[in-house]
Amino acid sequence: MTQSDNSPGRSNQEYLLIAKNIKKYFPIKMSSKVMTHRIPLKAVDDVSLIIKRGEVIGLVGESGCGKTTLGKLLINLISPSEGYLVFNPSEELVKDLGKDESVEEKEFRDASMYNLNKRKMRQLRRKMQIVFQDPYSSLDPRYLIKDIIAEPLLSFGIRKDEAYSRSSNLLREVGLSDDFVNRYPHQLSGGQRQRVAIARALALNPEFMVLDEPTSALDVSVQAQVLNLLENLRKKHNLTILFITHNMIVARHICNRIYVMYLGKIVEEARTEDLFAKPMHPYTVALLSSVPIPNPKTKRSRVILEGDVPSPITKPRGCSFHTRCKFAFEKCGWTSGEIVESMNYILDPTRNTVLETLPALSVMEVIDENRLKISYFGSLSQEQGETIKEVINKERREGKIRSLFGISSISLENGSILINVFESIRDPVLLTSDIEHLVACWLYEEKNSSAGSIIERA
Amino acid sequence: MSGMNTILKVEDLKTQFVSWNGLVKALDGISFEIRSGECLGLVGETGCGKSVTALSIMNLIPETSGAVTGGKITFEDYNLVETQMAACKVIQTKTKPRLKVRRSKIKENSRKMNKIRGGMLSMIFQEPMTTLNPVMTIGEQITDVLYAHQISELTQRIIARKSITEEELRVIYKHCVEGNDLKFLFDFVDLNNGLKGIVPQIEFIINRKDITNYRKKKMISDLFDKDRSVPTQINRLKVWKSIRVPRFLPPLLKQEAEKVAIELLSKVSIPEPTKVIIQYPHELSGGMRQRVVIAIAIACNPHLLIADEPTTALDVTTQAQILDIIKDLKNIHSMSILFITHDLGVISDISDKVAVMYAGNIVEMAYTENLFERPKHPYTQGLLKSIPVYEQKKTELAAIPGSVPNLVHPPEGCRFNPRCDHVMEICRTTKPVMTEVEENHSVACWLYSKKEEK
Amino acid sequence: MVGANGWYLKSGSPRLNNFKTTFKLLLRNPGSAIGLIVVILYVAVAVIDQVYPRLLGITTDINTMTTNFTHPVPVPPSWLHNFSNWSLPFGTTFPGIDLFQAIIKSIRIDLSFSVAVVAGGCIIGIILGLYSAFFGKWLDQLIMRLTDIFFSIPFLVLAIAAGFFLGRSLEILAIVLILVWWPTYARVVRGQTLSVKEMSYVEAAKSSGVNNFRIMFKHILPNTMAPVIVQVSFDLATMILLLAMLDFIGFTPANAYLPELGYLASVGYGYAAIGDWWTLVFPGLTILLLALSMNLLGDGLRDAFDPRLRR
């Protein structure tokens, strides 16, 4: 469980939503030469979070990191592979949080939204709503605006005339005049459509609202209008909002607390001010520094990440960020496969004159995740083995090639080099490094909370 | 930057589209110019005509939907819109506007433009997946462009390698790598005209950051070709300038094109380019694809590169990588760039000069720092205020009320007048013209023109 | 249509499913306009024949052709000899049937048969396709394998077999054809549903507690109709041709004097060989014109539903 609930004596009224170990795996068909088999695409991988009443939570990350999937899971629009989600948790459940594993597990199972029957779920539905990213596909092209807004009301058995009068009230509330009532969505601009989508979400008077990139399809000037509108509506209706976005500037503007996601996992959680003032996870640092700021005068030291986000199907072992991390070290979960490439680079005799005397490199064989065998044409002598070790150790000391940190030992066996890799015990977990600032990174886990920001370390 | 001669000059460009609802006045007389080695940022909201500007320059407006109806685009010595305007005209009939297309002129125009497009003038599009052909490998796609425009350059490279001596290479290495004096190379080549093709090859090796000098030395000395005989086919292609690719290319040329493709890919920092050239677009990630698109765009050393929202479809971290590459192109290879985006952050990062567009007009143009520091036009001011500030948290954003006008029936006078806070009587009737209010800072707004009159 | 603030450029294009726009686009193409007019004419003839046959000069039973065994040999069209005489515009065919009246009667029978088959197949196909795509998983597998099975049955063999065992009536023929015709619609609707299902307005409806039935029939179905309508217009022509063909090869319904174009053509085929050309030409032309115009209409509809045309 996350440990942000460390101050005792809070009433349960404070908590709106508790998610525990939510996982969502999509089976992906992979066909090899012989047969097809399914492997899981871990879209959301073991996420736990707590949302308090009245908060605006930001969920940021790059495309494909699973933030939209998580958003939909949190309002039970899709069902998870595993995990529990409790909406409006009871007092007992909050009290038992983090005390006894088995008791907690049972209570969660009983209260979980995913285990509710259809009728109860339908009643809960009206308390949580979603606004989608693309205003062009989120409104049915064959419906009038008034029908679109009235539809959720009608489906909960509200009388027709009342539903329609409510719908025109809602339209006014989102800043659209009455003459929009009898129009079709295609007659509206992107910003106006997004307002209609917000009005529809508000129709059932929800407590919790998931906004899935509501402004990313809009222009800057319209984005500002929508953000202002959301802020006003939040105050007026006492909403709790989960704001999913890839735009850090917008997240900073509107959110109280931010979760940073990378490849299906939450890597950092903090209050907005803390996150921007002192980002801890190397990924967050890179993310923040690559945000283009519309001010040519601010000169920042930019951390430009190398490479691309790995595919969620073949996630890296250990901390999934370690392949791009500038601070990765021994523990981060290197595999022998990742070391092969850098070995190829280092052991290139044209690059390193010392190696020119050696016989030609024959093959690099990945024995398993933790072992790598490098054989040469003809067996190596003890001396030659030492030379290679030295070359590798030298590069490792220089620290430019991070993957070399994964090597635990190099030995000479039967005339070829055998490289062992540190075995990773587990993935890094979200841990408190400051008050209400959680980060999932070995850098901080190792030195506990006294690590300090990595900017200072660098 | 290096030279300050104007490379592209757009004067009073007007482009219109024929739509279901009437005539869309997408561009309403815009003018700007780009000097060589300069990066002009064109910024504006959706539908303001940024992309139409790029398409008009490239002559890529589909003749079934619209046409350039006025103005002049001068790119180096060419007038780009002359034949295009003759080929396709908008005629206003009683009920509906229509397009009148003359097929013969279209052919003439495309023949003329094909020489310029891809060679001297090239473009990067927003969506890298649709720009690349899914059934051709990356290598094939790059070499295709090279065959179309660069055959004489490719042959020159081969011939240069065959005529340069080992001694000369040693001298070049000594001066250029050890002495760190690239100028020597150019002087050296100026003396021996047959060696022109060696320049990009050596430049490429020297500019590489990932290898040691020892390796550079080896690579440079490897350029020496023991086989000194130049095949007659190659010699014949030496002066090839046509865009029609000869049916049978000598295999030597194909190998050379592949080498150039690898050079290009490593220029845009693609790791392991030898692997990438035999891959298909779907095997690459979005960022990688966009790099390949850039590599194709710069394959023929274009004099002007038009980048139409090249980073919009990408994530921020990938965007930073791509922006870095484009910056390198500008700084190291001193390429002139027209950078189109809706993101003010990106524009402030990359461009020297910014032109702000609104509803088919350029409303303000200035050097980047001036524009962000002292925006003059109410629209620019509003735009800058409506972005959340990164450095501190604000409670309320100052949004511009209303939305972008419909360009079939744009507002009379200044097109911004229905949304403007400072609207005056004259704004509703007469269109303001660009006036220079400060040095190199011009605005199209009556607020400033009036002051001058007084 | 311009709002107070004006609207966004892109949204200026008309809505994909706007009836008026579709109609306008349809009439823009001369081929499909002619097709539409001819089809309307045929339908009008069929309706009048059903409602008020006197208007077309039919005074006898509309479900059988009136025979005249006293003059069974075909008589050529009356205007051939005397241009002002239009009493027998198409002449007669064996056995003394007035060809004009017979063709008018058979248009109604043929049209109603093809409409019944297509409507039946369409409804079954739409419902199964919709359920299959919406619920997915095993139901999808089941229905799709079912369509595969029905696709693999040669309908001609099935129709003849059914006629042999169950009796040769139009109703049985219709049922048999419906059985082999629904899978086309099921596939079309399933494909469309799979893409519409992913639209976020469907998800939005789900999240606001709208029940599945309403989502399926109110949100998804209307947005999948465009290709179905095109398919229908092609299939109506196919059905008429099919019935005519079955009748021509001798799979005649039990009622020997049922007015039916294929039967008329088959009778005429024999007489045309000995010089009575009108007995074959007029029924044949009627079929040809109907099938052609329906196909033209279908082509026009397909183009009109193409979003690229609506810029």
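Using the Cβ-Cβ distance between B:R228 and B:K89 with R0 set to 56 Å, the FRET efficiency from 1/(1 + (r/R0)^6) comes to roughly 0.45.
Once both labels are positioned 7 Å from their Cα atoms along Cα-to-Cβ, the gap between B:I426 and B:R170 label points is 7.5 nm. Compute the long axis of helix B:316-331 from its Cα atoms, compare it with the longest principal axis of the Cα atoms of chain B, and write down the angle in degrees, 0 to 90, nearest 10. Orientation of helix B:316-331: about 70 degrees from the principal axis. Please enumerate, by chain and number, the lysines with C-alpha under 21 Å from the C-alpha of B:K217, excluding those fewer than 8 residues away in the same chain. Within the straight-line cut-off, B:K217 pairs with B:K162, B:K174, B:K183, B:K196, B:K209, B:K226, B:K259, B:K267. For the protein assembly as shown, the residue among C:Q101, C:L128, B:I206 whose Cα projects farthest onto the positive side of the dipole built from Cβ charges is C:Q101. Set against the 2.2 N^0.38 Å expectation for a compact globular protein, the stretch B:1-139 has a Cα radius of gyration ratio of 1.13.
Using equal-weight Cα scatterers in the Debye expression, the normalised intensity of chain B in log10 at q = 0.10, 0.12 Å⁻¹ is -0.82, -1.10.
Convex hull volume of the Cα atoms in the stretch B:240-351, per residue, in Å³?
Details: hull volume 14.3 nm³, N = 112.
Taking only Cα atoms, the stretch B:240-351 has a hull volume of 128 Å³ per residue.
Look at the stretch A:305-315: the mean tally of other chain Cβ atoms within 10 Å of its residues' Cβ atoms is 3.
Straight Cα distances below 29 angstrom link A:K29 to the lysines A:K20, A:K42, A:K67, A:K72, A:K265, A:K315, B:K275, C:K137, C:K197, C:K206, with same-chain residues fewer than 8 positions distant left out. Bridging of A:K95 to aspartates and glutamates at a Cα separation below 12 Å is possible for A:D5, A:E104, A:E107, once same-chain residues fewer than 8 apart are set aside.
For chain A, count all C-alpha to C-alpha pairs, find those more than 44 Å apart, and express that count as a whole percent of the total. When all Cα pairs of chain A are counted, 25 percent exceed 44 Å.
If you build the Cα gyration tensor of the stretch A:334-421 and take the root of 5 times each eigenvalue, what three semi-axes come out, in whole angstrom, biggest first?
Over the Cα atoms of the stretch A:334-421, the ellipsoid semi-axes are 18, 15, 11 Å.
On the basis of the beta-carbon distance and an R0 of 56 Å, C:L292 and A:I39 show a calculated FRET efficiency of 0.55.
Simple rule: put +1 on each Lys or Arg Cβ and -1 on each Asp or Glu Cβ in the protein assembly as shown, find the dipole, and look at C:L280, C:T59, B:N192; the Cα lying farthest toward the positive end is C:T59. Against the main long axis of the alpha-carbon atoms of chain B, helix B:213-222 sits at an angle near 70°. Between C:N82 and A:S301, the modelled labels are 11.3 nm apart [label points 7 Å from Cα along Cα→Cβ]. For chain A, the longest principal axis of the Cα atoms and the long axis of helix A:145-155 meet at an angle of about 90 degrees. Ordered by solvent-accessible area of protein heavy atoms (1.4 Å probe), largest first, the residues B:V356, B:V433, B:V101 come out as B:V433, B:V101, B:V356.
Two-decimal Rg/Rh of the protein assembly as shown from alpha-carbon positions, Kirkwood Rh?
Rounded to two decimals, Rg/Rh equals 1.03.
Here each label is just a point 7 Å from Cα along the line to Cβ, and for A:A277 and B:D12 those points are 5.8 nm apart. Using R0 = 41 Å, the C-beta based FRET efficiency linking C:Y52 and C:F155 works out to 0.70. Close amide-amide hydrogen proximity is noted between B:T137 and no other residue 5 or more places distant or on a separate chain, at a cut-off under 5 Å (H modeled in the peptide plane; Pro and chain starts excluded).
The 1.4 Å probe gives accessible areas that order C:W79, A:W334, largest first, as C:W79, A:W334.
Charge dipole of the protein assembly as shown (Cα centre as origin; +1 on each Lys and Arg Cβ, -1 on each Asp and Glu Cβ, all else neutral): 2100 debye, rounded to the nearest 20. With the biggest extent put first, the Cα atoms of the stretch B:302-454 measure 48, 40, 32 Å across the principal axes.
The C-A contact accounts for roughly 2500 square angstrom of buried accessible surface, both chains included, probe 1.4 angstrom.
When the charge dipole of the stretch A:334-421 is built from unit charges on Cβ atoms (+1 for Lys and Arg, -1 for Asp and Glu) and taken about the Cα centre, the candidate among A:S408, A:M364, A:L418 whose Cα reaches farthest toward its positive end is A:S408. Annotation: amide H-H contacts under 5 Å for B:R35 (H modelled 1.01 Å from N, sequence separation of 5 or more, or interchain): B:I7. Under the membrane-span-like helix rule (DSSP H runs whose alpha carbons stretch at least 30 Å along the helix axis, mean Kyte-Doolittle hydropathy 1.6 or higher), chain C yields C:30-51, C:99-135, C:225-248.
Here the stretch C:113-222 is treated as an ellipsoid with the same Cα gyration tensor; its semi-axes, largest first and in whole Å, are 33, 14, 9. Note on the protein assembly as shown: helix-only mean residue ellipticity at 222 nm, from DSSP H runs of 4+ residues weighted -39500 (n - 2.57) and normalised by residue number, equals -13000 deg cm²/dmol. What residues in the stretch A:272-299 lose 30 Å² or more of accessible surface when the other protein chains are added to their chain alone (1.4 Å probe)? Residues losing area: A:S290, A:P292, A:I293, A:P294, A:P296, A:K297. What you get for chain B, charging only the Cβ of Lys and Arg (+1) and of Asp and Glu (-1), is a dipole of about 1680 debye around the Cα centre. I need the semi-axes of the equivalent ellipsoid of chain C: take the C-alpha gyration tensor, multiply each eigenvalue by 5, square-root it, list largest first in whole angstrom. Whole-Å semi-axes of the equivalent ellipsoid: 44, 26, 14.
Placing +1 on the Cβ of every Lys and Arg and -1 on the Cβ of every Asp and Glu, with nothing else charged, gives the stretch A:334-421 a dipole about its Cα centre of roughly 240 debye.
The values are calculated or read from the model by the stated rules, or taken from the named source; none is laboratory data. Since this is a predicted model, take the numbers as computed values, not measurements. Please note: Cβ atoms are built from the backbone with ideal geometry, for glycine as well, and neighbour counts cover all protein chains shown. Accessible surface areas use protein heavy atoms only, side chains included; no ligands, DNA or RNA. Shrake-Rupley method; radii C 1.70, N 1.55, O 1.52, S 1.80 Å.
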